[in-house]
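Below: the structure, in structure tokens.
The values are calculated or read from the model by the stated rules, or taken from the named source; none is laboratory data. This structure is a prediction, so every number in the text was calculated from the model and none was measured. Note that each Cβ is placed from the backbone with ideal geometry, even for glycine, and that neighbours are counted across all protein chains shown. Just so you know, the surface numbers come from the protein's heavy atoms only, side chains and all, with ligands and any DNA or RNA stripped out. Shrake-Rupley method; radii C 1.70, N 1.55, O 1.52, S 1.80 Å.
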Amino acid sequence: MQLYSSFTEDSLDKYCAQLINRRPLVHCMTNDVVQEITANVLLACGASPAMVIAEEESAQFSSIADALLINVGTLTSERYIAMKQACEVAHTCQKPWVLDPVAIGPMTWRNNCIIELMKYSPSVIRGNASEIICLAGSGSGGHGVDSINGSDEAINAAQMLASHTGAIVAVTGEADFITDGHRTVTINGGHIMATRVVGTGCSLGALVAAFITLDNNTLDACAAAHALFKRSEEFAVAHAQGPGSFHSVFLDALYQISHRKQNDQ
């Protein structure tokens, strides 16, 4: 099934305004490389980040936060236990949570950990094409954290995975595809420069977690986060000289676009 619809700018503005007004607290259990950009992305858009990763605190904080991000990029045994406890509480408390199955495929222990976390019913599964294809049981993963497939190659796998798990599945790439198994939204745009800056994809997972706290339409809320990223990438590449300046201008773009309706008033 390949039924596509686009995401409107009016919907993006609506979700951005809600995010600023509600300022959701996002529990970010993410990898060591991307914690700073993840926090800055959330702050720029109006959300509130927290990086609570200790096993002794993760479950309790999961019950306090509005949403949870699980990113397994730099997974360790201790971090896995803390993540599993946080997921269990999020599931029990019906808190929305996002799973980013980074580098699933080549490494058996990592694969087993991800499959175990899936038992706690993530609200959104977000990854690159190779990760989504692998998680759906149709491939062996990518080249480390890099996809070897185009996002359009993962559409069928994403739709099947969404239907099987009940999660919204988001595939990132040249075009992003967000699906519930029946309806699929396409987000075009963005720029390849975003792949030259560490943490853009991982921080998108945190922004998705923030957006899906806003209403019960998880698919459209997830699409709004992806649309905001694509628009910000386009703005940033038009004003940056390379990856270093792209990083800074990208954060500025996230702020400007997410706050544009407020700034117009």
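So, in the stretch 193-234, exactly how many residues are over 13 Å from G173 (Cα atoms), of a type outside the set (K, R) and out of contact with any strand residue (DSSP E or B) (no Cβ under 8 Å at 6 or more places or on another chain)? Number satisfying all stated conditions: 16.
Each row is one residue, and each column tells you yes or no for (1) assigned to a strand (DSSP E or B); (2) among the β-branched types (V, I, T); (3) under 25 Å from V185 (Cβ atoms); (4) touching a helix residue (DSSP H, G or I) at 6+ places or on another chain (Cβ under 9 Å).
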site: L12; (1), (2), (3), (4): no, no, yes, yes
site: Y15; (1), (2), (3), (4): no, no, yes, yes
site: E36; (1), (2), (3), (4): no, no, no, no
site: V41; (1), (2), (3), (4): no, yes, yes, yes
site: I70; (1), (2), (3), (4): yes, yes, yes, yes
site: E78; (1), (2), (3), (4): no, no, no, yes
site: H91; (1), (2), (3), (4): no, no, no, no
site: C113; (1), (2), (3), (4): no, no, no, yes
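Scanning the stretch 80-133 for residues that are in contact with a Phe, Trp or Tyr (Cβ under 6 Å, 6 or more places away or on another chain) and open to solvent by less than 30 Å² (accessible area, probe 1.4 Å) turns up C87, A90, C113, P122. For the stretch 32-48, the criterion of being under 23 Å from T92 (Cα atoms), free of Cβ contacts under 8 Å to residues at least 40 places away in the same chain and surrounded by fewer than 22 Cβ atoms within 10 Å (Cβ to Cβ) is met by at least one residue.
Restricting the search to the stretch 189-214, which residues are at pLDDT below 95 and assigned to a loop (DSSP other than H, G, I, E, B)? G189, G190, H191, V197, V198, G199 - these are the residues of the stretch 189-214 that are at pLDDT below 95 and assigned to a loop (DSSP other than H, G, I, E, B). Residues in the stretch 183-241 that are open to solvent by 50 Å² or more (accessible area, probe 1.4 Å) and touching a Lys or Arg at 6+ places or on another chain (Cβ under 9 Å): 2 in all.
Being among the hydrophobic types (A, V, I, L, M, F, W, C) and farther than 25 Å from Y120 by Cβ: is that true of A50 here? Judged against the criteria, A50 is not a match.
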